[in-house]
1. Take the conditions buried (at least 20 other Cβ atoms within 10 Å of the Cβ) and in the same structural domain as PHE131 (by TED's automatic domain parsing) and apply them to VAL295. Does it pass?
2. Only one residue in SER232, SER240 is crowded, with 18+ Cβ neighbours inside 10 Å, in the same structural domain as THR304 (by TED's automatic domain parsing), under 22 Å from ILE307 (Cβ atoms) and in contact with a strand residue (DSSP E or B) (Cβ under 8 Å, 6 or more places away or on another chain), so which one is that?
3. Go over the candidates SER249, SER263 one by one and state the one that is touching a Pro at 6+ places or on another chain (Cβ under 8 Å) and more than 21 Å from ILE112 (Cα to Cα).
4. Residues of segment 119-160 being within 17 Å of VAL275 (Cβ to Cβ) and either in contact with a His (Cβ under 9 Å, 6 or more places away or on another chain) or assigned by TED's automatic domain parsing to the domain that holds GLN18 (or both), which ones?
5. When only residues in segment 105-119 that are modelled with pLDDT under 95 and touching a strand residue (DSSP E or B) at 6+ places or on another chain (Cβ under 8 Å) count, which is nearest to THR84 (Cα to Cα)?
6. Checking TYR286 against (1) closer than 17 Å to GLY141 by Cβ; (2) assigned to a helix (DSSP H, G or I), which test does it fail?
7. Restricting to segment 205-225, count the residues that are outside any loop (DSSP other than H, G, I, E, B) and either among the small types (Gly, Ala, Ser) or buried (at least 19 other Cβ atoms within 10 Å of the Cβ) (or both).
8. Of the residues ASP202, ASP180, only one is assigned to a strand (DSSP E or B) and more than 17 Å from LEU110 (Cα to Cα); which?
Amino acid sequence: MMDYKQKLSQLVEVVVSQGASDLHLGVGIQPVIRVSGALTPLLSEAVLIKEDIEGFVQELLSPEHKKRFLEKQEIDFSYAHGDTARFRGNGYFERGHMAVALRLIPKAILSIAELNLPRALESFAAREQGFFLVVGPVGQGKTTTLAALIEKINQERTEHIITIEDPIEYLFENKKSLIDQREVRVDTADFVAALQSVFRQDVDVLMIGEMRTPETMATAVTAAETGHLVFSTLHTNNASQTIDRIIDSFPPGQQEQIRIQLSGSLAGVFSQRLVPRISGGLIPAYELMISNAAVANLIREKRTHEIQTVIETGAEDGMIDMNRSLADLVRGGEITAESAYARSWNPKTLERLL
């Protein structure tokens, strides 16, 4: 019989040594890793059977988490492999069998510069209050960007920072700031309960792992309005879509109120995509909307579709347009034109820039 603890340990070592971002375990396949965006089966490993996945799940989940997994058929969890590696995991069922996806969370929290992100982002870590969102599809480095911003505050400012996550991903050490990390279902019942109590915890900076409900969004906006600096993520493509998603998640009777609140509290929206680098690995392409008087006005007047034009013409204000970012990467020899076109929201405009 396989020693699942030892086998898991071996697979984690492979993930780390190969520079992989993810590990997939499922019935009827060999373990699969993702390196630089591409999936690769581990051909030296045996095809996994039902008992193997059950054995891995036994190692990965606490009895309480396992009970919840069997009831709900999905589970988010974190898994620490000694001091070597830490993973964000998701357990799910497919065709009646358990399967697991593990995402490696790098141990070191890299800086904005080390992540090849724009220096303009650093200004948001210096703010006293406001609502700043990092957006993009799953797996595009949103959490890593948020961690870099929180760590910058931690190194430079004396603040009380509270993170609410599901699960906790990057682990912070107190430097100049005091950081409390709360995990949903471990340290608090849910995002809403944690957010409702955060105002009684003398918080300065709040990081919400993901905004999933109107209640979470409403509390986050209120926190930003009342003198707190709030960071969060959303699975949206760009600034205007992000603003529309927040407003549209509320009943019609509440939309005007949230629109006014958002126009006053939003600091900026940063959208990012990880693009395969010609030299190997991934590099971010990005768009940065900074909320100025023009943007606030467009939000209030229900003209969010015009925000894209403000971004494209707002370079002097520090705004960065996604097509310009992609074009710069192509011209710099970092990515191919094909990769740029595949990630552009407006390929015709990109064509003019190239």
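1. Here the answer is yes, as VAL295 does meet what is asked.
2. That would be SER232, the only listed residue that is crowded, with 18+ Cβ neighbours inside 10 Å, in the same structural domain as THR304 (by TED's automatic domain parsing), under 22 Å from ILE307 (Cβ atoms) and in contact with a strand residue (DSSP E or B) (Cβ under 8 Å, 6 or more places away or on another chain).
3. None of the other options fit; the residue is SER249.
4. Keep residues of segment 119-160 that are within 17 Å of VAL275 (Cβ to Cβ), which gives 134-142, 144-145.
Residues satisfying the conditions are VAL135, GLY136, PRO137, VAL138, LYS142.
5. Here the residue is LYS107.
6. If we test TYR286 against (1) closer than 17 Å to GLY141 by Cβ; (2) assigned to a helix (DSSP H, G or I), just (2) comes out false.
7. Of the residues in that region, 12 qualify.
8. Residue meeting the stated conditions: ASP180.
The values are calculated or read from the model by the stated rules, or taken from the named source; none is laboratory data. Values in this document were obtained by computation on a predicted structure and should not be read as measured data. FYI the Cβ positions are ideal-geometry reconstructions off the backbone, even for glycines, and counts take in every protein chain you see.
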